[in-house]
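The values are calculated or read from the model by the stated rules, or taken from the named source; none is laboratory data. Just so it is clear, the model here is predicted, and its values are computed rather than measured. Here the Cβ positions follow ideal geometry from the backbone for every residue, glycine too, while neighbour counts run over all protein chains shown. Note: areas computed on protein heavy atoms with side chains; ligands, DNA, RNA excluded. Shrake-Rupley method; radii C 1.70, N 1.55, O 1.52, S 1.80 Å.
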Amino acid sequence: IPKESSPRIYESVPEKPMGSQIQVDFGQTEQFTPDGRKVKLRFIAFVLAHSRYKYKEWLDRPFTTRDVIQAHENAFRYFGGITDEFVYDQDALILVSENGGDLILTKEFQSYKEERNLKVWMCRKADPESKGKVENVVKYVKQNFAKHRLYYGLDAWNEAGWKWLERTANYKVHNTTKKRPVEVFALEKQHLRPVSPISDNTYITKPFDTSITRTVRKDNIIWYKSNRYTVPLGTFQKTKQVYIETKDDKYLIIRESKSGPILAKHRITSGKGKLIQDTSHIRDRTKGIDTYIETVASYFSNSNKAKQFLQEIRKVRQRYIRDQLQMISKEIKKHNQELLDKALEECMKWQLFCATDFIDMVQYLNRQNVSSVNNEKRQIDDLKQFNYLSESVSQTKAQTRDIQEYVSVLEGEIQ
């Protein structure tokens, strides 16, 4: 049987606004002590999505939810504020379960979230690429700070880590934005919810290389003069290298080969660290969802009301609308249309705009129907049993005697 592959298609994401997002992740390393012993260390890393300003904290034991909360407080003091949104993996210290967008956080973190008024964005399972900024930070900490460094104790290790943040991680020019995180952070800090001030630092520069060919990244972009330019989605799967040329120093032309057809044409932009996108290179995510909603709604008698119900779910669960539609579609195939229509009416009546609520309503109504059918069947069975006995009795004939026999008996008694 031939093996079929369906590679994932990536596209570059525009930069987040200042103060909008922090990405959080965990990592671990094994370090040697001066006497040659091996020690397993764990750390939590934070990075501001816009400026790439970083913070990290180490422990010589597994993290607990309380440790995570304390690390958040330390990070807020380090950053001098709080962002609008926090991005996490589905880690057991933070999340208990996720069902089509219904997040159940751990008790302690849920209380902390409500107290701090945090907006949580939970990545899907096995999808680390959705928080690539902090994934790069974790890799950077392992390969730059921790590699070949001896462990002299947790306090000394954390102090060295914070100095490394000031000296290297937040000083050097970032490879994507082409800016020093600490410089951008000076502006981004003004957009944070204030917690406490932090000190300023000094900076280092880093050169950037250019050539007539460019490597296509997996998010379907290329670099040119410190800016990112998009190519059509799927280019990365077809070719890993493209050829570029400029026209009148105003336009950048990208070709698959030196004399091949034009893949993309962009106006050259000044500055550094910018993302230049062609609208035709952006995936239209709404088209597929609209078609999916039409398909699911067609299973109901009143498709217009079904569309209205599904659109309300889309408003409430916009990020998880495809998962919600899949759950409803799967449940639809198990039941008849009358039951589905009744469940739709009840959900609209009580404003239950969620796939799990719809499924619960279908199952509840189905149990009621089954119970009603069973009661009716028992009544019919009882009625049949009664009719059967009545029929047998009605067909039985008693033996009859001549009246004279009774007369003779009576006469004998009198005698």
- Radius 11 Å from Cβ of D360, net charge of other residues (Lys, Arg +1; Asp, Glu -1): -2
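Could you order S259, S20, S301 so the one with the most accessible surface comes first? Probe is 1.4 Å.
On the way: S259 110, S20 20, S301 80 Å².
The most accessible residue leads, giving S259, S301, S20.
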- Item | Tilt relative to the chain, helix 285-297 - C-alpha long axis, 0 to 90 degrees, to 10 | 0
- Query: With labels modelled as points extended 7 Å from the Cα through the Cβ direction, what inter-label distance (nm, one decimal) is found for Q363 paired with K3?
  - Reply: 3.8
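Once the piece of chain linking R66 and K274 is laid out straight, how much longer is it, given 0.36 nm per residue of separation minus the C-alpha distance between them? Could you put the intermediate results ahead of the total?
Values: separation 208, 0.36 × 208 = 74.88 nm, distance 3.86 nm.
Once the chain is fully extended between R66 and K274, it gains 71.0 nm.
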- Query: What angle, in degrees between 0 and 90 and rounded to the nearest 10, separates the Cα long axis of helix 154-164 from the longest principal axis of the Cα atoms of the chain?
  - Reply: 60
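Please state, as a whole number in µm²/s, the translational diffusion coefficient that the Stokes-Einstein equation yields for region 61-184 at 20 °C and 1.002 mPa s, with Rh defined as the Kirkwood radius across alpha carbon pairs. Intermediate values should be presented prior to the final figure.
Working: Rh = 16.6 Å.
Value of D from the Cα-based Kirkwood radius: 129 µm²/s.
Would you kindly state how much longer the chain becomes between E411 and K163 on full extension, computed as 0.36 nm times their sequence separation minus their alpha carbon distance, in nm to one decimal?
On the way: separation 248, 0.36 × 248 = 89.28 nm, distance 13.32 nm.
Using 0.36 nm per residue and subtracting the Cα-Cα distance, I get 76.0 nm.
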- For K178, list the aspartates and glutamates whose Cα falls under 19 Å from its own Cα; do not include residues on the same chain fewer than 8 positions away. E15, E135, E166, E188, D209, D219
- Task: Identify which of T230, T396, T83 has the largest mean-square fluctuation in a Gaussian network model of the chain, with springs joining Cα atoms closer than 10 Å.
- Result: T396
- Note on the structure: In this structure, the FRET efficiency calculated for S371 and K330 from their beta-carbon separation, with R0 = 30 Å, to the nearest 0.05, is 0.80
- Note on the structure: If each K or R counts +1 and each D or E counts -1, the residues other than E115 whose Cβ falls under 15 Å of its Cβ total +3
- Message: Using only the alpha-carbon atoms, how far is helix 107-116 inclined from the longest principal axis of the chain? Give it as 0 to 90 degrees, nearest 10.
- Response: 60
- Task: Go ahead and collect, in residue order, the members of region 264-299 whose backbone nitrogen is under 18 Å from a label point 7 Å along the Cα-Cβ direction of K238.
- Result: 264-266, 278-284
- Query: Which whole-percent values make up P(r) of region 39-84 when all C-alpha to C-alpha distances are grouped in 5 Å steps starting at zero?
  - Reply: 5, 21, 30, 21, 14, 7, 2, 0
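Which FRET efficiency, nearest 0.05, do K247 and D341 yield, Cβ-Cβ r, R0 45 Å? Could you put the intermediate results ahead of the total?
Working: r = 61 Å, r/R0 = 1.34.
That gives a FRET efficiency of 0.15.
Please give me, ordered by residue number, the trypsin sites (Lys or Arg not before Pro) of region 241-307 that lie in loop per DSSP and have at most 13 other Cβ atoms within 10 Å.
Details: sites: K247, K250, R255, K258, K265, R267, K272, K274, R283, R285, K287, K305, K307; in loops: K250, K258, K272, K274, R283.
Those that pass, being in a loop and sparsely packed, are K250, K258, K272, R283.
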- Using the Cβ atoms and a cut-off under 9 Å, what net charge is assigned to the surroundings of Y53, where Lys and Arg are +1 and Asp and Glu are -1? +2
- Note to self, the chain gives a 222 nm [θ] from helices alone (DSSP H runs n ≥ 4, -39500 (n - 2.57) apiece, / all residues, nearest 500) of -12500 deg cm²/dmol
- Straight distance only, please: which lysines reach the Cα of K3 with their own Cα at less than 21 Å, same-chain residues fewer than 8 apart left out? K238
- Query: Full extension from E73 to I104: what is 0.36 nm times the residue separation minus their Cα-Cα distance, to one decimal in nm?
  - Reply: 9.0 nm
- Label-point separation, R193 to R319 (7 Å along Cα→Cβ), nm: 1.7
- Query: How many nm separate the modelled label positions at Q308 and Q404, each set 7 Å beyond the Cα in the direction of the Cβ?
  - Reply: 9.1
- Carbon and sulfur atoms: what percent of the 1.4 Å accessible area of the chain do they account for? 50
- What per residue convex hull volume, in Å³, do the alpha-carbon atoms of the chain yield? 351
